[in-house]
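Worksheet: the structure to be examined is printed underneath.
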There are 4 protein chains.
Amino acid sequence: MLKIGLLGAGRIGRVHAQAISEHPKSVLAAVSDAVPEAAESLAEEYQAETRSSDDIIADASIDAVLIATPTDTHSDLIEAATRAGKAVLCEKPVDLDLDRAITCQTNASETGQPVMVGFNRRFDPNFSALKASFEAGEIGKAELLSITSFDPAPPPISYVKVSGGLFRDMMIHDFDMANFLMGQLPTMISAVGTSVVDPEIGQAGDYDTAVVTMTYADSRVAVIKNSRRAVYGYDQRVELLGSKGLLQAHNILENSVVKSTADGVVGAKPTYFFLERYMTAYRTEWSAFVDAVQAGADMPVTLEDGVAALAMAEAATRSARSRTPVMMSDVLKPVAK
Amino acid sequence: MLKIGLLGAGRIGRVHAQAISEHPKSVLAAVSDAVPEAAESLAEEYQAETRSSDDIIADASIDAVLIATPTDTHSDLIEAATRAGKAVLCEKPVDLDLDRAITCQTNASETGQPVMVGFNRRFDPNFSALKASFEAGEIGKAELLSITSFDPAPPPISYVKVSGGLFRDMMIHDFDMANFLMGQLPTMISAVGTSVVDPEIGQAGDYDTAVVTMTYADSRVAVIKNSRRAVYGYDQRVELLGSKGLLQAHNILENSVVKSTADGVVGAKPTYFFLERYMTAYRTEWSAFVDAVQAGADMPVTLEDGVAALAMAEAATRSARSRTPVMMSDVLKPVAK
Amino acid sequence: MLKIGLLGAGRIGRVHAQAISEHPKSVLAAVSDAVPEAAESLAEEYQAETRSSDDIIADASIDAVLIATPTDTHSDLIEAATRAGKAVLCEKPVDLDLDRAITCQTNASETGQPVMVGFNRRFDPNFSALKASFEAGEIGKAELLSITSFDPAPPPISYVKVSGGLFRDMMIHDFDMANFLMGQLPTMISAVGTSVVDPEIGQAGDYDTAVVTMTYADSRVAVIKNSRRAVYGYDQRVELLGSKGLLQAHNILENSVVKSTADGVVGAKPTYFFLERYMTAYRTEWSAFVDAVQAGADMPVTLEDGVAALAMAEAATRSARSRTPVMMSDVLKPVAK
Amino acid sequence: MLKIGLLGAGRIGRVHAQAISEHPKSVLAAVSDAVPEAAESLAEEYQAETRSSDDIIADASIDAVLIATPTDTHSDLIEAATRAGKAVLCEKPVDLDLDRAITCQTNASETGQPVMVGFNRRFDPNFSALKASFEAGEIGKAELLSITSFDPAPPPISYVKVSGGLFRDMMIHDFDMANFLMGQLPTMISAVGTSVVDPEIGQAGDYDTAVVTMTYADSRVAVIKNSRRAVYGYDQRVELLGSKGLLQAHNILENSVVKSTADGVVGAKPTYFFLERYMTAYRTEWSAFVDAVQAGADMPVTLEDGVAALAMAEAATRSARSRTPVMMSDVLKPVAK
């Protein structure tokens, strides 16, 4: 039984607490949060202790920590926890600053401790079924990847301002999905961003709508579309065109009911947001982490993956601002995989 | 926290054990089974005790029992448990014998204890969304109900022989679904059954394929189709035609991936069987039971509902054998609701 | 080039006039109708002559006649036209009276002239693709056939009164579809009919909602559902469950547009009625008739097929009235195919 | 009755001949083609004359010409035909050379004769239904347009070499669709092209896979994806995200049959290529042309529309080659609409 310390008891922390608690081989031992009430309420629900992050990291009886704190604390906590000999699962992104993330990767790797980055969508059964079909050769060679990823509604402006921007905060999931499916980093990234949903987002220096095109050394192409507002729900789709066919992962609907009336044929909407859509993915992600820790195996998503996605977000940000494609080699020095 | 005794540690018992255990307001206290190893293995997994059914029923600290034993023990256990002051959730069918079930209903009702019958499909989010839409008036008045219910593969002949027959064992769920949606018993039932899937099933005196048509006092019509074999999965669909439209609850698919190749456009199959399809329904069913017990409220599915569905199965059995429609009033004396 | 005489210039006559005229090997030469203005307007549109039915049949230069007159004239016209040496395509049903239809079949067959009955749905590309897939063995052996066939709105009561009833007027198409797909007549027919859509239809002695169950000598089962009202359009679906899978022919929608809003995901409705849904089928039907006439080949749908469907409608009518299953052998003496 | 001269009797010429001939208010009077046999065969089929293009244009009895000749003759023929007082429907693109197309537009406009450019997709019932829904305000303000347009198989290399390139030959339809839906030209175009399908296409200086992102003065964004190979058929989809919802026009399938077996759930493929998919659109396009000519009304698609799409193709070509976004104002001087 793995004893787990959860750092951060916010919305995403609660999701992880549930997955940790439901898993037969892990137990939520301690919770920390900058807001004591948040930690206490969560700790009480799961019969865990409330402690400081430092205390949890220093506690030799804790086997692993799950970092779900604000992004600007991730790198420090990853370094501290790995130095303390803990396995780590850290929420995305690793950092908003690419250089800091790379340093963190170096430091953590020197400890030899396993670190996994929480790109939960890799564990969504639909996307993993798509990947499995592709890897089984069912559509031949990949040629053109399209990712549609729309949030149901924009976050508050206060969040937008500290989010690191749409590319680092939101599209980073899609960059990782591209890496997951294409198996390689792109060579060039060309980004367009606007604020057509809400001008305030533009005034805050961010985009609410963006399209990023990526090209690969072997002539493959990928395109990612993001919007901060799809009033019908959380729109999460992937299409991969190959030499022998097309794979599509469609949305998951709230239910299977279809109503036909004189006004049309009405089906259910996509599930509304990430909890509804990705709860299974969070459970599977946690299970994969526990399995890897217990087996001493490689993490299914690594700090290197986290750095790669962040570098793509950095390239996209530069490209959107400069209105010029950006070469990945100008952003991230190639590291042997 | 409700302390629960689980009678029966077979396949369906294990499903309920999981739901009981996951629910924040119930705990699995004790398990019984005619096969001691089955009870022990389940008890160990959930840190519960292994005891006899009699012991569990006699234990005043147990608040409720869940009966998941073979059908021929249901009536006796319902009576014993209610006499002992327990709330009861009993798997369907109440009994294979209609008279015995009616006696059980009378006896249990005299104790004043709440008894719920496990028609899990009422709690499936798709069917309950369909019912909610209907009750909101979205398709006007109901006119023609169609239920398609196909198992992926026939059970072993040994099971067929003791099952009570397709109408009591399998279609009983659909009879209850009809009652759930139509809100009333039919007046006439006309059944056709054959054994086109496997002649051995016919030799065992049962059917593997059946169509039942039901008419209602107010001229509505319902039709249920059952087959013991749909090689593509568990096919569970409902269609309700009303004066202002049609409601359909479609199957739930294994995933949302669609593959388009030169050979066609291929989607995922329906989930394979009842665990995959109805796990959410079992959890919601359990939650509804716990809520009703704690609130002292009416059970969401009653013994009367269990008797009604059994009476319809009896009528269908007689109709299929005699090749004549059977009036429900010849099978079940009307009881005021 | 086949010279065609069209008997009947009503709604369905106009459909056929278009198909005749568009076909490169047939020309609409003459039109008759009891209402002269109807004949004249149609004749003018296609530059054909207006004549009486007798004149057209007597004209040796006319190669074939298409009978689209009221049902009670079909048998006489088929007999007259075949005696006059013409090929005949006659709209369904052959007659409302089974005995008269059988006599007509005998008389027509003695002339050796080819007669085709207009069961247009056999030529619908969706149903014929379903049949082709079945005949290619893709779902193994047929076990359970389901046909859903709902009209968008009931006909006027005046029409209901002379229609011969729902089974002969509307479900006759579905009986033929069952024969088309099952390749054999059923042995027993069990019908239920009500008037839940409009009590006036019931007062006129007819049904507006009906379910017919049919069993076959080899234990297969078929079920047909009819409703005179589906406010969302013309609902025309077929499902065939086999030992190795299920084939479904779904509705054809008005267009492929799907709208997702906060209110749900809305697609187009099925095409509204038979012209929209079956125009391609009418064209293909006509083409099949022309091909068979020119090749001297067997008609793709025969008078015997027309009689068989009518006999099933007769059996269903008797069954619904008597509330008892009817053996097909009591209605139609077996004829060697 | 409009007398029509058809210039060009190739594949697309035959499509138009059918539409002209079927229309009740137009007749195919004369056909020309550089290959006399092609003209003769088509003329014979429709009982038209075979003549030279010059003769047809000079013939005062011809009301309109349909230009379906090779692209490099379009501008000359448009100018000659309009000078001769004819209405013109010209296939896309107007020209491969933008300057020549602009000159042609100027010259034709001086004659005052109506010229329509054959962007058939505007007349596809699915895309026009999408536009109607959008214009009715059903999804609010447009924010992000996505067009997916994949051919089933690449054309021969010989054709690729003279085609003007993917942007002018294939994506020009999608540029026009963007203009049709967005109602405005983009301000900036950013294109990526590769030859991942067939390296020979790259060696011929063209792309077989391309993604073009366009931004608009009011911050809207559009993205177009093209591939020369989708082995499952002709993939033609449009998605428009708005402030109140999403509109999607899906593919049209060969039929509505779905087969469920142990291997999955298989539906029909999209119709294979443009004739199957767009025959209705060609008929409606022709009908719109005839209506506009007879009413003396504005053409539904103008030469200006043809020039605009060509300018976008020019911008995309430059952008893909230079790997830099191109401002539309650098390619096409703004013209008041």
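For the rotation carrying B onto A, the chain B residue whose Cβ lies nearest the axis, with the distance in whole Å, reads B:GLU22, 4.
Remark on B:ARG229: its backbone amide H falls under 5 Å from those of B:ASP151, a criterion applied only to residues 5 or more positions apart or on other chains, H modelled at 1.01 Å from N. Angle of helix C:171-182 to the longest C-alpha principal axis of chain C, folded into 0 to 90 degrees and rounded to 10: 80°.
Surface composition of the stretch B:237-337: carbon and sulfur make up 53 percent of the accessible area, probe 1.4 Å. Counting only DSSP beta bridges whose two residues both lie in the protein assembly as shown, roughly 60 percent are antiparallel. Between this copy and the others, label points of D:ASP291 are 3.5, 5.4, 6.0 nm apart in ascending order, each placed 7 angstrom from Cα in the Cβ direction.
Amide H contacts of C:LEU2 (H built 1.01 Å from N, in plane; Pro and chain starts excluded): C:SER26, C:VAL27 sit under 5 Å, all sequence-distant by 5 or more or on other chains.
Accessible surface area normalised per residue over the protein assembly as shown is 36 Å², counting heavy atoms of protein chains with a 1.4 Å rolling probe. Computed from backbone phi with θ = phi - 60° and the Karplus coefficients 6.51, -1.76 and 1.60, the 3J(HN,Hα) list for the stretch D:90-95 is 10, 4, 7, x, 4, 6 Hz; x is used for glycine and proline. Taking the C-alpha atoms only, the angle from helix B:11-22 to the longest principal axis of chain B is near 70 degrees.
When the accessible areas of A alone and C alone are added and the area of the pair subtracted, with a 1.4 Å probe, the result is around 900 Å², both sides summed.
Inter-copy label distances at B:SER41, shortest first and taken from points set 7 Å along Cα to Cβ: 4.2, 7.2, 7.7 nm. The distance linking the stretch C:260-337 with the stretch D:163-206 is 48 Å (Cα centroid to Cα centroid, whole angstrom).
Each label point was placed 7 Å from the Cα along the Cα-to-Cβ direction; for A:VAL27 and A:ASP298 their separation is 3.3 nm. Take the cross-link list A:LYS161/D:LYS244; B:LYS225/C:LYS244; B:LYS141/C:LYS259; D:LYS141/D:LYS225 and give me the ones stretching past 21 Å between alpha-carbons. Beyond 21 Å between Cα atoms: A:LYS161/D:LYS244; B:LYS141/C:LYS259; D:LYS141/D:LYS225. Computed from Cα atoms, the angle from the helix A:303-322 axis to the main principal axis of chain A rounds to 50 degrees. From the square roots a ≥ b ≥ c of the eigenvalues of the alpha-carbon gyration tensor of the stretch C:177-271, which class results: rounded (a/c under 1.5), prolate (a/b over b/c), or oblate? In terms of gyration-tensor shape, oblate. Carbon and sulfur atoms: what percent of the 1.4 Å accessible area of the stretch D:2-113 do they account for? Carbon plus sulfur share of accessible area: 47 percent.
Shown are D:LEU253, D:LEU332, A:LEU247, whose ranking by accessible area with a 1.4 Å probe and every protein chain present, most to least, is D:LEU253, D:LEU332, A:LEU247. Describe numerically, in nm with one decimal, the distance between label points set 7 Å from Cα along Cα→Cβ at C:GLU40 and at C:LYS161. Modelled inter-label distance: 3.0 nm. Contact with the other protein chains removes 50 Å² or more of accessible area, compared with the isolated chain and a 1.4 Å probe, from these residues of the stretch C:225-250: C:LYS225, C:ARG229, C:VAL231, C:TYR232, C:ARG237, C:LEU241, C:LEU246, C:GLN248.
In loop segments of the stretch D:139-187 as defined by DSSP, there are no trypsin sites (Lys or Arg not before Pro) with at most 12 further C-beta atoms inside 10 Å of their C-beta. Scalar couplings 3J(HN,Hα) for the stretch C:267-277, obtained by applying the Karplus form with A = 6.51, B = -1.76, C = 1.60 to θ = phi - 60°, are x, 6, 7, x, 3, 6, 8, 5, 5, 5, 6 Hz; x denotes Gly and Pro. The shape of the protein assembly as shown comes out oblate: with a ≥ b ≥ c from the C-alpha gyration tensor, a/c is at least 1.5 while a/b does not beat b/c. For chymotrypsin sites (Phe, Trp or Tyr not before Pro), no site in the stretch B:112-163 is both called loop by DSSP and has at most 12 other Cβ atoms within 10 Å.
Extending 7 Å from Cα along the Cβ direction at C:ALA262 and again at B:THR280 yields two label points whose distance is 2.4 nm. With its label point defined 7 Å out from Cα along the Cα-to-Cβ axis, A:ARG83 lies at 7.1, 8.5, 11.0 nm from the matching points of the other copies, in increasing order.
The values are calculated or read from the model by the stated rules, or taken from the named source; none is laboratory data. What you see is a predicted model, and the numbers here were worked out from it, not measured in a lab. Here Cβ is always computed from backbone atoms with ideal geometry, including for glycine, and neighbour counts include all displayed protein chains. These accessible areas exclude ligands, DNA and RNA; they are computed on the full protein's heavy atoms, side chains included. Shrake-Rupley method; radii C 1.70, N 1.55, O 1.52, S 1.80 Å.
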